[in-house]
Amino acid sequence: MIDHVVVGVADIDAARAFYEQALRPLGLRVVRDREDYVGFGDGAPLFFLAARPPTVDVHVAFTAPDAAACDAFHAAALAAGGTDNGAPGLRPRYHAGYYGAFVRDPDGDSVEAVCHGASPATEPGGVDR
């Protein structure tokens with residue numbers, strides 16, 4: 001089981017602004033704030049941004065409670081300056097009920113919100129990435 005993840009970022013202030021907005025729909029907020037790092041969580045920090053050379057080829061997936069939260073994450077991340085990396089939708093190639101939304105953060109890292117157990121009959125459909 002993973003306890004926490006640390007991602008190096010080029011500009012801690014820009015990254016913090018992006019993630020504060022993008023992670024809000026998932027219930028995550030800043031819970032630890034230092035000069036050289038910021039920790040996000042819903043209690044204890046589980047995702048850290050560190051002021052150090054950007055990490056290469058990062059992909060982080062955050063659990064969302066439902067498809068609507070994935071949609072809200074995607075919209076918030078785009079509004080915060082992220083770029084689309086896969087519109088919200090079902091991804092049956094991963095497994096039945098996999099609903100994800102993908103963006104790239106200011107450093108180009110791949111960030112996803114995902115819920116498992118979405119139903120094709122009740123959730124909006126998406127193109128399989």
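The values are calculated or read from the model by the stated rules, or taken from the named source; none is laboratory data. Quantities reported herein were computed from a predicted structural model and do not represent experimental measurements. Because the Cβ atoms are built from the backbone with ideal geometry, glycine has one as well, and the counts that use them run over all protein chains shown.
For segment 89-111, a tally of residues being touching a Lys or Arg at 6+ places or on another chain (Cβ under 6 Å) and either of a type in the set (A, V, I, L, M) or free of Cβ contacts under 8 Å to residues at least 24 places away in the same chain (or both) returns 1.
Listed here are the residues, each with its yes/no results for (1) at pLDDT below 95; (2) small (G, A, S); (3) farther than 20 Å from A22 by Cα.
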| residue | (1), (2), (3) |
| --- | --- |
| L78 | no, no, no |
| G82 | no, yes, no |
| A96 | yes, yes, yes |
| P120 | yes, no, yes |
| R129 | yes, no, yes |
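Mind telling me which of the residues F47, F73, F40, F62 ends up being assigned to a helix (DSSP H, G or I), within 13 Å of L23 (Cα to Cα), in contact with a strand residue (DSSP E or B) (Cβ under 8 Å, 6 or more places away or on another chain) and at pLDDT 95 or above? Being assigned to a helix (DSSP H, G or I), within 13 Å of L23 (Cα to Cα), in contact with a strand residue (DSSP E or B) (Cβ under 8 Å, 6 or more places away or on another chain) and at pLDDT 95 or above holds for just one of F47, F73, F40, F62, which is F73. When A10 is tested against the conditions (1) more than 23 Å from G100 (Cβ to Cβ); (2) out of contact with any Asp or Glu (no Cβ under 8 Å at 6 or more places or on another chain); (3) aliphatic (A, V, I, L, M), the lone failure is (2).
Whenever a residue of segment 61-88 is within 15 Å of R29 (Cα to Cα), its partners that are not in a helix (DSSP H, G or I), lying with C-beta atoms within less than 6 angstrom and at least six residues away or across chains, give the pairs F62/A113; A64/A113; A64/C115; F73/A101; F73/A113; A77/V103. The condition (being among the acidic types (D, E), exposed (fewer than 13 other Cβ atoms within 10 Å of the Cβ) and on the phi > 0 side of the Ramachandran plot) is satisfied by just one residue among D42, D33, D57, D13: D57. Please verify whether segment 61-71 includes one or more residues that are β-branched (V, I, T) and out of contact with any Cys (no Cβ under 9 Å at 6 or more places or on another chain). No; the residues of segment 61-71 include none that is β-branched (V, I, T) and out of contact with any Cys (no Cβ under 9 Å at 6 or more places or on another chain). A single member of D105, D66, D57, D84 is closer than 21 Å to D13 by Cβ and not polar (S, T, N, Q), and it is D105.
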